[in-house]
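The values are calculated or read from the model by the stated rules, or taken from the named source; none is laboratory data. These numbers come from a predicted model, not from an experiment. Here the Cβ is made from the backbone with ideal geometry for all residues, glycine too, and neighbour counts use every protein chain on show. We work out accessible area using only protein heavy atoms, side chains counted, and drop any ligands, DNA or RNA first. Shrake-Rupley method; radii C 1.70, N 1.55, O 1.52, S 1.80 Å.
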Amino acid sequence: MKNELKNLRAEILEAIEGVSDLSGLEDLRVKYLGRKGTLPNLLKGLKGLADDARKEAGAFANEVKLSVDEAFSALQIDLEAKSRAEAFAEAHIDITRPGITPDIGHLHLTTQAIEEIKTIFSRLGFVQVRHPEIDWDHYAFGALNFPEDHPARDDWETFFIDDAGKAAEGENGKIVLTPHTSNGQVREMERSELPIRMMNINKTYRRQVSARHLPMFHQFEGLLIDKDVSIADLLGTFDFFVKQFFGPERKTRLRPHHFRFTEPSFELDVSCDVCAGTGMRENGLKCKLCKVGWLELGGAGMVHPNVLRAGGIDPDVYSGFAFGWGVERTMMMKGGINIPDIRVMYQNDMRFLEQF
Ligand code: DAH
């Protein structure tokens with residue numbers, strides 16, 4: 001028995017030497033020390049020995065067991081340390097590696113233009129307000145001197161809100177998606193103290209989609225009401241804006257026009273950037289962008305007395321001017337940006353947006 005134990009010990013210690021990982025070690029433990037393992041099996045033989053021999057063999061067996069256990073534990077500690085070191089090496093973060101740059105966006109070009117327009121007019125004391133984008137016919141048309149059911153409403157290609165197929169109506173008429181920001185004029189007169197200098201920038205809606213028209217676009221509406229306001233004030237204001245926004249070399253001119261809510265009414269033109277206001281290119285051909293040397297910015301005029309009255313203001317004491325221009329159009333006129341299809345602005349195509 002003693003010899004068998006000795007041999008077994010030698011075998012186990014040798015087998016252990018060849019183990020290089022924890023699972024291999026566990027396999028050996030089961031093989032030699034497990035319930036059905038070699039050592040317990042051998043020890044079953046103790047029972048059949050005479051008392052003395054059993055005692056001696058038993059004591060020796062204990063010794064063997066202790067030394068083998070010790071060898072197992074020592075190796076186990078080593079292997080555990082090794083596997084922790086490996087796991088750490090794998091999970092280790094190399095702080096010297098370059099990071100992943102997060103995508104940083106920027107404001108949409110329309111928002112950029114709105115910010116710039118707002119800032120320029122704020123230097124002249126125009127305060128930014130926001131009047132409704134969905135409003136009563138009264139504010140969008142009626143109070144702006146449009147006669148009841150006048151076809152002029154069609155000029156603005158208006159969307160009317162309907163309620164189960166019928167136009168929704170209240171005491172102020174039908175409900176419209178505002179086709180222009182001019183609805184803010186009488187609302188501002190009702191809301192504010194005099195004098196008024198407001199800038200209403202909002203989304204506007206019209207029933208038209210094409211390379212040059214969007215069903216949703218933006219306008220900025222200026223309104224100034226005070227005593228003794230004249231066309232000269234209007235011109236000075238436009239000149240200031242145009243030179244700040246488009247550049248000091250750009251010129252302005254007024255062309256007579258007609259709007260129901262202004263008298264007199266004008267269209268404001270800005271000299272073309274591409275041909276420097278001449279209408280001709282250096283190669284002797286007509287300027288493709290403007291053809292005539294001027295680009296049309298938008299409508300303006302002296303506020304009609306009926307509109308002042310609708311806002312509760314006495315036209316014999318007060319006068320004012322107003323203007324309403326498209327943000328997208330104004331932005332595109334800057335530096336002669338000629339976008340062949342205006343719809344690209346709201347298609348969220350990064351290749352386009354990233355250029356601004
Ligand atoms: N609301 C007009 C439009 O959308 C533009 C306009 C013209 C606004 C004259 C004004 C104005 O304030 O005075 O076409």
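Listed here are the residues, each with its yes/no results for (1) within 13 Å of the ligand (Cβ to nearest atom); (2) at pLDDT 95 or above.
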{"site": "Ala140", "(1), (2)": "yes, yes"}
{"site": "Phe146", "(1), (2)": "yes, no"}
{"site": "Ala152", "(1), (2)": "yes, no"}
{"site": "Ala164", "(1), (2)": "no, no"}
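Filter region 250-263 down to the residues that are within 18 Å of Asp155 (Cβ to Cβ) and within 12 Å of the ligand (Cβ to nearest atom), then identify the one that is surrounded by the most Cβ atoms within 10 Å (Cβ to Cβ).
So the residue we want is Thr262.
Quick test of your reading of the structure: Tyr318 fulfils all but one of (1) surrounded by fewer than 20 Cβ atoms within 10 Å (Cβ to Cβ); (2) within 16 Å of the ligand (Cβ to nearest atom). Name the failing condition by number.
Among (1) surrounded by fewer than 20 Cβ atoms within 10 Å (Cβ to Cβ); (2) within 16 Å of the ligand (Cβ to nearest atom), the lone unmet condition for Tyr318 is (1).
Please find, among Gly222, Gly299, Gly312, Gly247, the residue that is more than 14 Å from the ligand (Cβ to nearest atom) and open to solvent by less than 60 Å² (accessible area, probe 1.4 Å).
Numbers: Gly222 fails: more than 14 Å from the ligand (Cβ to nearest atom); Gly299 fails: more than 14 Å from the ligand (Cβ to nearest atom); Gly312 fails: open to solvent by less than 60 Å² (accessible area, probe 1.4 Å).
That would be Gly247, the only listed residue that is more than 14 Å from the ligand (Cβ to nearest atom) and open to solvent by less than 60 Å² (accessible area, probe 1.4 Å).
Taking the options Glu17, Glu115, Glu63, Glu11, name whichever one is assigned by TED's automatic domain parsing to the domain that holds Ile342 and not hydroxyl-bearing (Ser, Thr, Tyr).
After ruling out the rest, the residue left standing is Glu115.
Do you know which residues across region 166-192 are closer than 21 Å to Phe220 by Cα, assigned to a loop (DSSP other than H, G, I, E, B) and open to solvent by 10 Å² or more (accessible area, probe 1.4 Å)?
Within region 166-192, just Ser192 meets the criteria.
Which members of region 8-25 meet the condition of being open to solvent by 60 Å² or more (accessible area, probe 1.4 Å) and not in a helix (DSSP H, G or I)?
Gly18, Ser20, Asp21 - these are the residues of region 8-25 that are open to solvent by 60 Å² or more (accessible area, probe 1.4 Å) and not in a helix (DSSP H, G or I).
Would a scan of region 224-231 turn up a residue that is touching a Pro at 6+ places or on another chain (Cβ under 8 Å), touching a residue at least 60 places away in the same chain (Cβ under 8 Å) and of a type in the set (Lys, Arg)?
Keep residues of region 224-231 that are touching a Pro at 6+ places or on another chain (Cβ under 8 Å), which gives 224-227, 231.
After this cut, where a residue has to be touching a residue at least 60 places away in the same chain (Cβ under 8 Å) as well, the list is 224-227, 231.
Now restrict to residues that are of a type in the set (Lys, Arg): 227.
Yes, because at least one residue in region 224-231 is touching a Pro at 6+ places or on another chain (Cβ under 8 Å), touching a residue at least 60 places away in the same chain (Cβ under 8 Å) and of a type in the set (Lys, Arg).
If I ask for residues that are open to solvent by less than 20 Å² (accessible area, probe 1.4 Å) and part of a loop (DSSP other than H, G, I, E, B), which ones from region 225-244 would you list?
The one that is open to solvent by less than 20 Å² (accessible area, probe 1.4 Å) and part of a loop (DSSP other than H, G, I, E, B): Val229.
Looking for whichever is without any contact (Cβ under 8 Å) to a residue 12 or more places away in the chain and in a loop (DSSP other than H, G, I, E, B) here; the options are Pro132, Pro98. Which one fits?
Testing whether each residue is without any contact (Cβ under 8 Å) to a residue 12 or more places away in the chain and in a loop (DSSP other than H, G, I, E, B) leaves just Pro98.
Would region 81-95 turn up any residue that is out of contact with any Lys or Arg (no Cβ under 9 Å at 6 or more places or on another chain), hydroxyl-bearing (Ser, Thr, Tyr) and either over 30 Å from Gln355 (Cα atoms) or open to solvent by less than 60 Å² (accessible area, probe 1.4 Å) (or both)?
yes
Name the residues in region 213-239 that are of a type in the set (D, E, K, R) and within 37 Å of the chain's Cα centre (by Cα), would you? If you could, list the steps in order and put the result at the bottom.
Filtering region 213-239 down to residues of a type in the set (D, E, K, R) leaves 221, 226-228, 233, 239.
Answer for region 213-239, where residues must be of a type in the set (D, E, K, R) and within 37 Å of the chain's Cα centre (by Cα): Glu221, Asp239.
In contact (Cβ under 8 Å) with a residue 12 or more places away in the chain, part of a strand (DSSP E or B) and in contact with a His (Cβ under 8 Å, 6 or more places away or on another chain): does that describe Gly324?
yes
Any idea which of (1) open to solvent by less than 10 Å² (accessible area, probe 1.4 Å); (2) closer than 21 Å to His304 by Cβ is the one Asn202 doesn't satisfy?
(2)
Taking the stated definitions as given, is Met332 away from the ligand (no atom under 12 Å from the Cβ), farther than 26 Å from Ile225 by Cβ, at pLDDT below 90 and not in a loop (DSSP other than H, G, I, E, B)?
Numbers: away from the ligand (no atom under 12 Å from the Cβ): yes; farther than 26 Å from Ile225 by Cβ: yes; at pLDDT below 90: yes; not in a loop (DSSP other than H, G, I, E, B): yes.
When the stated conditions are applied, Met332 passes them.
Looking at region 267-285, is at least one residue open to solvent by 20 Å² or more (accessible area, probe 1.4 Å), assigned to a strand (DSSP E or B), within 16 Å of the ligand (Cβ to nearest atom) and in contact (Cβ under 8 Å) with a residue 60 or more places away in the chain? I'd like the intermediate steps shown before the answer.
At the first step, the residues of region 267-285 found to be open to solvent by 20 Å² or more (accessible area, probe 1.4 Å) are 273-274, 276-278, 280-285.
Filter once more, so that each one left must be assigned to a strand (DSSP E or B): 280.
Add one more test, that the residue is within 16 Å of the ligand (Cβ to nearest atom), and what stays is none.
The answer is no; no qualifying residue exists.
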